[in-house]
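Asks: Can you keep this structure in mind? I'll have questions shortly.
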Amino acid sequence: MELYLMTWPEVETYLKRTQKIIIPVGSTEQHGPTGLIGTDFLSAWDIAKDVGQLTKTVVASPICYGMAMHHLAFPGSASLKPSTFVLMIKEIIESYALHGFRQFYFINGHGGNIAPLTTAFSECLTDKQALEFNLVNWWLQPSVAEYEEAAFGDANGFHATCGEVSVTMACYPQAFAVPRALEYFPTTAQHPWPLSPAQFRATFPDGRMGSNPSLATAEHGRKIFALAVQEISTLLRV
Ligand SMILES: [Zn+2]
């Protein structure tokens with residue numbers, strides 16, 4: 001049930017049945033030398049589409065850009081400033097709230113979006129309209145985290161993780177037609193956070209944060225994807 005493939009009378013009819021809406025949100029940013037620039041929004045969007053289909057919930061157009069300032073020293077990365085991102089999220093929420101959507105499920109694929117999404121939710125929570133916000137970070141769902149821990153251990157890392165790379169390998173095999181070998185650098189460096197673009201690149205020269213995505217496979221990706229869809233669908237059915 002993708003909102004962008006519906007007509008307005010269909011949305012009006014839908015709103016008589018339920019006021020739930022799923023909004024996929026990600027980022028357009030480097031994912032190390034082997035991960036796709038679109039990893040975060042592609043994973044969130046694909047998971048959201050399956051959850052929407054299973055739970056008969058509308059899925060809004062994906063938000064493909066996020067808060068990724070620290071990735072800007074790598075070609076292909078684009079970012080909104082945190083304040084811009086908060087404003088954009090607020091105005092999207094306000095638009096949908098105007099038509100009667102009340103329960104918002106943001107299926108998020110990017111850690112850098114967590115703080116500004118939470119800020120936007122706080123700013124939209126008023127006593128005038130009873131809105132409900134659910135921030136669903138797909139990779140933090142317990143069954144997903146458990147699977148990734150068992151499959152990859154510490155080599156999953158924190159950015160360009162084996163888990164997210166596996167999901168994109170399952171969904172976009174054509175983008176992984178050329179195998180790329182990698183050396184593994186465990187993350188040991190202590191560093192402050194956040195880092196500027198240049199500081200990030202100096203600390204994590206190839207863009208990964210402690211991950212070994214050469215362990216990623218499409219097979220793992222299919223399992224992780226299925227777990228995420230199943231667990232998030234359960235959240236929506238409550
Ligand atoms: Zn990512």
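The values are calculated or read from the model by the stated rules, or taken from the named source; none is laboratory data. Everything numeric in this text was worked out from a predicted model, so none of it was measured. Because the Cβ atoms are built from the backbone with ideal geometry, glycine has one as well, and the counts that use them run over all protein chains shown.
For every residue, the table says whether it meets (1) among the hydrophobic types (A, V, I, L, M, F, W, C); (2) within 16 Å of the chain's Cα centre (by Cα); (3) crowded, with 24+ Cβ neighbours inside 10 Å.
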position: E12; (1), (2), (3): no, no, no
position: I22; (1), (2), (3): yes, yes, yes
position: I47; (1), (2), (3): yes, yes, yes
position: Y65; (1), (2), (3): no, yes, no
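Asks: Quick test of your reading of the structure: S61 fulfils all but one of (1) within 15 Å of the ligand (Cβ to nearest atom); (2) closer than 27 Å to A130 by Cβ. Name the failing condition by number.
Replies: It is condition (1) that S61 fails.
Asks: Search the range 197-223 for residues that are farther than 16 Å from F158 by Cα and pair each with any residue that is assigned to a loop (DSSP other than H, G, I, E, B) when their beta-carbon atoms are under 6 Å apart and the residues are at least 6 apart or on different chains.
Replies: P197/L72; P197/A73; A198/A73
Asks: Can you confirm whether the range 87-96 contains a residue that is within 16 Å of the ligand (Cβ to nearest atom) and either free of Cβ contacts under 8 Å to residues at least 12 places away in the same chain or on the phi < 0 side of the Ramachandran plot (or both)?
Replies: Taking the range 87-96 first, the residues within 16 Å of the ligand (Cβ to nearest atom) are none.
Scanning the range 87-96, I find no residue that is within 16 Å of the ligand (Cβ to nearest atom) and either free of Cβ contacts under 8 Å to residues at least 12 places away in the same chain or on the phi < 0 side of the Ramachandran plot (or both), so the answer is no.
Asks: Please go through the range 17-42 and pick out each residue that is in contact (Cβ under 8 Å) with a residue 60 or more places away in the chain, within 13 Å of the ligand (Cβ to nearest atom), over 14 Å from F176 (Cβ atoms) and polar (S, T, N, Q).
Replies: S27, Q30 - these are the residues of the range 17-42 that are in contact (Cβ under 8 Å) with a residue 60 or more places away in the chain, within 13 Å of the ligand (Cβ to nearest atom), over 14 Å from F176 (Cβ atoms) and polar (S, T, N, Q).
Asks: Return a yes/no flag: does the range 136-153 have any residue that is exposed (fewer than 15 other Cβ atoms within 10 Å of the Cβ), modelled with pLDDT of 95 or more, closer than 25 Å to D206 by Cβ and of a type in the set (D, E).
Replies: Looking through the range 136-153, at least one residue is exposed (fewer than 15 other Cβ atoms within 10 Å of the Cβ), modelled with pLDDT of 95 or more, closer than 25 Å to D206 by Cβ and of a type in the set (D, E).
Asks: Are there any pairs with C-beta distances below 8 angstrom linking a residue in the range 150-167 that is without any contact (Cβ under 8 Å) to a residue 60 or more places away in the chain to a residue that is among the aliphatic types (A, V, I, L, M) and not in a loop (DSSP other than H, G, I, E, B), with the two at least 6 apart or on different chains, and if so which?
Replies: Going by the 8 Å Cβ cut-off, the qualifying pairs are G157/M209; F158/M209; C162/A151; C162/A155; C162/L215; S166/A218; S166/I224.
Asks: List every residue pair whose Cβ atoms sit under 6 Å apart, with the two residues 6 or more apart in sequence or on different chains, where the first one lies in the range 111-138 and is touching a residue at least 60 places away in the same chain (Cβ under 8 Å) and the second, anywhere, is part of a helix (DSSP H, G or I) and not polar (S, T, N, Q).
Replies: Pairs that qualify, where the first residue is touching a residue at least 60 places away in the same chain (Cβ under 8 Å) and the partner is part of a helix (DSSP H, G or I) and not polar (S, T, N, Q), are V136/I232; W138/I47; W138/A228.
Asks: Within the range 161-199, restricting attention to residues that are hydroxyl-bearing (S, T, Y) and not in a loop (DSSP other than H, G, I, E, B), which residue is nearest to the ligand (Cβ to nearest atom)?
Replies: Start the filter on the range 161-199 by keeping residues that are hydroxyl-bearing (S, T, Y), which leaves 161, 166, 168, 172, 184, 187-188, 196.
Okay, now just the ones that are also not in a loop (DSSP other than H, G, I, E, B), so 166, 168.
On the way: S166: 12, T168: 9 Å.
Going through the qualifying residues, I end up with T168.
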